[in-house]
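Here is the structure we will look at, set down as structure tokens.
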Amino acid sequence: MSTDAPQSKEAAVKLADSDFSNDRRKHDMNSALLDYWHKIKAGELGALPAILGLIALVALFTALKPDTFLSKGNIANLATQALPITILAMGLVFVLLLGEIDLSAGVASGVCAAVMAKLMVDSGQSWYVAVLSAVAIGVVIGTVIGWLVAFLRIPSFVVTLAFFLGLQGITLWLIGDGGTVPVRDDFVVALANKNMPIWLGWVLAIACVVGYSATLLLRWRRQNVRNLHSKPLGLVVAQCAVVAAALLISTYVLSLDRAPSPLITLGGIPWGVLLVGGLLVICTFVLGRTGYGRHIYAVGGNSEAARRAGINVTRIKISVFMIASGLAAVSGIVAASRLSSVATNSGGGNTLLYAVGAAVIGGTSLFGGRGKARDAVLGGLVIALIENGLGLLGTKAYLSYLITGVVLLFAASIDALARRRRSSAGR
């Protein structure tokens, strides 16, 4: 009995490992695509609607304005146009992952930009002091909002609505009714108006391709060595190839000379694109590769279950509002760079609505627990494409509002239907 038991146990382990290995080997390209199709039918849409929307919008506006929409100058303008909304949406993704909302993010960006501009113009402070102060103000605003939501249990809608109104008053107080503060610092203006050297753009693009491909391939190798479930190697290579093609083609187009006059040369990737890329990498790492990110998804999925599992729900709630307002400050700085000024209406109007729309269109759920940092980039491009394309067509203002509203409503409807489908599928 004593000698047979270990042998039978060892045989059972070998048999289980063999069966699992066979199951893993059977997971080829066809089965992976079939699994993906089942996920789509079950409501796991991810970024698919945003990608299809981008393709459809590019095809539509290219057909309607073939001479101007895909011109070198307009593509660079699109990249710059999407910067402030994308950064603001990236911060809102953290809040939306908890099923909360921040209605004050837009005007918070305006307040922080006003603080930066006043420090540089009135106090003569250097750009780094002004920029760091603006970001610090944003973090403080988010801390207060998070404290009111987490400790006093006031609904985030009510708290941020109050801040939405109050922060506009602070902007008026700082700048003055109807006033404008110019932003002429070379560093700040360069964020959205200057381009990096062409050689640097290529170096960074190639480094991103190599880093992204190495990350995916090493992950695939680790999973296979440990006999874990993994994507087929062909699918991983295809994913790397698509991302590489997108990055290299974008770099090539933005590196072309787009100057309107042959007497000057204008080319290169805007510095603001590098800023968004860096924030995307950081936010993606935080959400996908850290315990803090996993706690955010856990609280967003079921806050009570997360609390019983030992997660500090209060700390998580405060922190996401701090991140959202901190990135709102960065968004306000980039918007001020693009316009070279800060006005009393900075961050107001449709800024917040476009940012929330960008996050939702990109694939972040309004109900919490689902979303990624990349959703802000994809949704920001969709919003920028709509605004840019309608502008090229000379569409009247009321039609632009109507069309953008319909797109946002359509994205929210897809999110609601996908959530219902996931519930019925038990996901």
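The values are calculated or read from the model by the stated rules, or taken from the named source; none is laboratory data. Everything numeric here is computed off the predicted structure, so don't read it as measured data. For neighbour counting, all protein chains shown are included, and Cβ atoms are generated from backbone atoms with ideal geometry for every residue, glycine included. For accessibility, only protein heavy atoms count, side chains too; no ligands or nucleic acids. Shrake-Rupley method; radii C 1.70, N 1.55, O 1.52, S 1.80 Å.
The selection criterion, being of a type outside the set (Gly, Ala, Ser), assigned by the TED database to the domain that holds residue 132 and either buried (at least 17 other Cβ atoms within 10 Å of the Cβ) or outside any loop (DSSP other than H, G, I, E, B) (or both), holds for residue 276.
Here is a yes/no grid of residues against (1) at pLDDT 85 or above; (2) touching a helix residue (DSSP H, G or I) at 6+ places or on another chain (Cβ under 6 Å); (3) open to solvent by less than 20 Å² (accessible area, probe 1.4 Å); (4) of a type in the set (A, V, I, L, M):
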| residue | (1), (2), (3), (4) |
| --- | --- |
| 380 | yes, yes, yes, no |
| 389 | yes, yes, yes, no |
| 392 | yes, no, no, yes |
| 397 | no, no, no, yes |
| 402 | yes, no, no, yes |
| 408 | no, yes, no, yes |
| 411 | no, yes, yes, yes |
| 423 | no, no, no, no |
| 426 | no, no, no, no |
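Residues checked against (1) open to solvent by 30 Å² or more (accessible area, probe 1.4 Å); (2) free of Cβ contacts under 8 Å to residues at least 24 places away in the same chain; (3) closer than 21 Å to residue 78 by Cα:
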site	(1), (2), (3)
344	yes, no, no
347	no, no, yes
355	no, no, yes
361	no, no, yes
366	yes, no, no
369	no, no, no
374	yes, no, yes
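When residue 51 is tested against (1) modelled with pLDDT of 90 or more; (2) more than 19 Å from residue 348 (Cα to Cα), only condition (1) is not met. Checking 85, 101, 75 one by one, the residue that is in contact with a Phe, Trp or Tyr (Cβ under 6 Å, 6 or more places away or on another chain), surrounded by fewer than 24 Cβ atoms within 10 Å (Cβ to Cβ), in contact (Cβ under 8 Å) with a residue 24 or more places away in the chain and at negative phi is 101 and no other. Selection of helices (runs of 4 or more DSSP H) fully inside segment 146-232 by the criterion of at least 2 residues being over 29 Å from residue 125 (Cβ atoms), hydrophobic (A, V, I, L, M, F, W, C) and open to solvent by 50 Å² or more (accessible area, probe 1.4 Å) returns 156-175, 198-225.
Within segment 58-70, being open to solvent by less than 80 Å² (accessible area, probe 1.4 Å) and either assigned by the TED database to the domain that holds residue 250 or touching a residue at least 12 places away in the same chain (Cβ under 8 Å) (or both) holds for 58, 61, 65, 68, 69.
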